[in-house]
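The values are calculated or read from the model by the stated rules, or taken from the named source; none is laboratory data. For clarity, every value in this text was computed on a predicted model and none was experimentally measured. Note that we place each Cβ from the backbone using ideal geometry, even for glycine, and neighbour counts take in every protein chain shown. Heavy atoms of the whole protein, side chains included, go into the accessibility calculation; ligands, DNA and RNA do not. Shrake-Rupley method; radii C 1.70, N 1.55, O 1.52, S 1.80 Å.
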Amino acid sequence: MLKGKSVLCLLDLSKEEIEKFLNLSFTMKEDVYSNNVPRTLEGKRVALIFEKPSTRTRVSTESAISMLGGHALILSKSDIQLSRGEPIEDTARVLGRIVNGIGARVLSHESLLKLRDYSSLPVVNLLSNLSHPLQALADFMTIKEKFGTYDKPIAFIGDGKDNVAFSLMAFVAKMGLEMRIGTPKDLRPKDNLWKLIEETAEDTGAIIEFFDDPYEAIRGSYVVYTDVWVSMGEEEIGEKKKELLRPYKVTKDLMRYASTKAIFMHCLPAVRGEEVDSDVIDGKQSVVWDQAENRLYSAMSVFSLIV
């Protein structure tokens with residue numbers, strides 16, 4: 001039973017729960033294309049809090065709730081009293097009396113825990129500094145669409161501490177898959193986070209390996225994934241990160257070391273010429289627009305099942 005459950009990090013979910021979300025994502029896509037979407041959120045209100053700017057998450061989540069018959073209340077930080085220093089615990093208590101669920105895109109993962117604990121509502125992580133679970137669900141939905149299975153080696157090239165990279169690792173660890181990460185030693189996950197991934201992977205037989213050499217990481221992979229090098233809020237260390245990551249740009253030459261059937265993925269927004277060359281992200285192997293569309297169906301699935 002998933003009603004009332006929060007989705008803050010994929011490590012918090014069971015393999016069966018992840019599969020349930022993914023299976024419904026495919027069903028929701030069929031329902032949208034056949035114009036037969038179930039009104040599972042009829043009469044329900046969902047507060048969507050955005051502390052950070054958003055394109056794909058904002059559009060997909062608001063659309064998902066509306067298409068399911070619910071009402072989305074869009075709350076940017078400047079719209080509500082958080083901007084004047086109200087404790088997030090107080091905001092959560094108020095929302096808990098008025099709405100049926102919360103989605104939040106936050107600066108600190110801790111804010112999601114407080115929203116969940118003080119509202120007593122199901123809370124969905126729409127992106128935090130730790131993870132981006134709806135993105136990972138849409139990503140593996142896309143992978144299965146392209147290959148008929150999730151079980152294909154995936155390579156992530158770039159910042160190994162990245163919240164998207166962590167979510168991909170969490171999915172792989174939970175589902176017993178294989179992932180290779182090309183990243184500098186200084187940008188590998190923190191020890192406490194890696195311990196969580198490692199323990200989960202040991203239980204499922206997942207293989208997650210790190211490589212200093214991006215060419216070694218990508219060799220034979222069916223999925224090549226990257227993300228921006230400098231995330232929102234990292235501007236002060238931006239130049240240092242760019243210098244570290246310069247050898248990890250995804251180029252056509254690098255893609256040649258992947259499988260001939262390999263696809264290229266990026267959660268967007270992208271900086272062409274920085275983490276990826278234009279001829280890769282705009283080339284025939286790129287599936288980034290499929291990923292972006294599938295964000296709608298992963299949002300529909302999650303909110304439909306938990307709110």
With every protein chain left in place and a probe of 1.4 Å, what is the accessible surface of Arg116, to the nearest 10 Å²?
80 Å²
What are the ³J(HN,Hα) values, in whole Hz, obtained from phi via the Karplus relation 6.51 cos²θ - 1.76 cosθ + 1.60 with θ = phi - 60°, for each residue of region 189-205 in sequence order, with x given for Gly and Pro?
x, 4, 4, 5, 6, 4, 4, 4, 5, 4, 5, 5, 4, 4, 6, 9, x
Could you name the aspartates and glutamates in cross-link range of Lys15, using Cα to Cα under 13 Å and dropping any fewer than eight places away on the same chain?
Asp203
Of the options Pro87, Met179, Ser66, report the single residue whose Cα projects farthest towards the positive end of the charge dipole of the chain (beta-carbon charges: Lys, Arg +1; Asp, Glu -1).
Ser66
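Among rounded, prolate and oblate, which fits region 67-163 when a ≥ b ≥ c are the square roots of the eigenvalues of its C-alpha gyration tensor, a/c under 1.5 means rounded, and a/b larger than b/c means prolate?
The shape class here is prolate.
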Too-long pairs where the Cα-Cα distance tops 18 Å, listed order kept, from Lys261/Lys284; Lys152/Lys261; Lys114/Lys174; Lys5/Lys114; Lys185/Lys249
Lys114/Lys174
Estimated [θ] at 222 nm from DSSP helical runs (n ≥ 4, -39500 (n - 2.57)) normalised by residues in the chain, nearest 500:
-13500 deg cm²/dmol
Under a point spin-label approximation (7 Å from Cα along Cα-to-Cβ), what is the Val59-Trp194 distance to one decimal in nm?
3.8 nm
What residues have an amide H closer than 5 Å to that of Phe210, excluding those fewer than 5 places away on the same chain, when H is modeled at 1.01 Å from N in the peptide plane?
Ile181
The answer for Val124, listing residues at least 5 apart or on another chain whose modeled amide H is closer than 5 Å to its amide H, is Val7, Ile102, Gly103, Ala104
Stretchable slack from Ser34 to Glu234, in nm (0.36 nm times residue separation minus alpha-carbon distance):
67.7 nm
Quick one: which residues, 5 or more positions from Ser286 or on another chain, have an amide H under 5 Å from its amide H? H modelled 1.01 Å from N in the peptide plane, none for Pro or chain starts.
Phe264
Charge dipole of the chain about the Cα centre (unit charges at C-beta), most positive-ward option of Leu8, Phe21, Asn192:
Phe21
Any idea of the accessible area per residue across the chain, 1.4 Å probe, to the nearest Å²?
44 Å²
Once the in-chain neighbours fewer than 8 apart are removed, the aspartates and glutamates whose Cα is under 18 Å from Lys20 read Asp12, Glu30, Asp31, Asp139, Glu145, Asp151
For the chain, what is the relative contact order in percent, using Cα pairs closer than 8 Å and at least 6 residues apart in sequence?
21 percent
With the crude spin-label approximation of a point 7 Å out along Cα→Cβ, what separation in nm comes out for Arg272 versus Glu42?
4.6 nm
Starting from the Cα coordinates of region 10-131, work out the convex hull volume and express it per residue in Å³.
108 Å³
Distances longer than 36 Å among the Cα atoms of the chain: what percent of all pairs is that?
15 percent
Under a Cβ-only charge scheme (Lys and Arg +1, Asp and Glu -1), can you give me the dipole magnitude of the chain about the Cα centre, in debye to the nearest 20?
720 debye
Take the alpha carbon gyration tensor of region 182-258, find the square roots of its eigenvalues, order them as a ≥ b ≥ c, and report rounded if a/c is under 1.5; if not, report prolate when a/b exceeds b/c, else oblate.
oblate
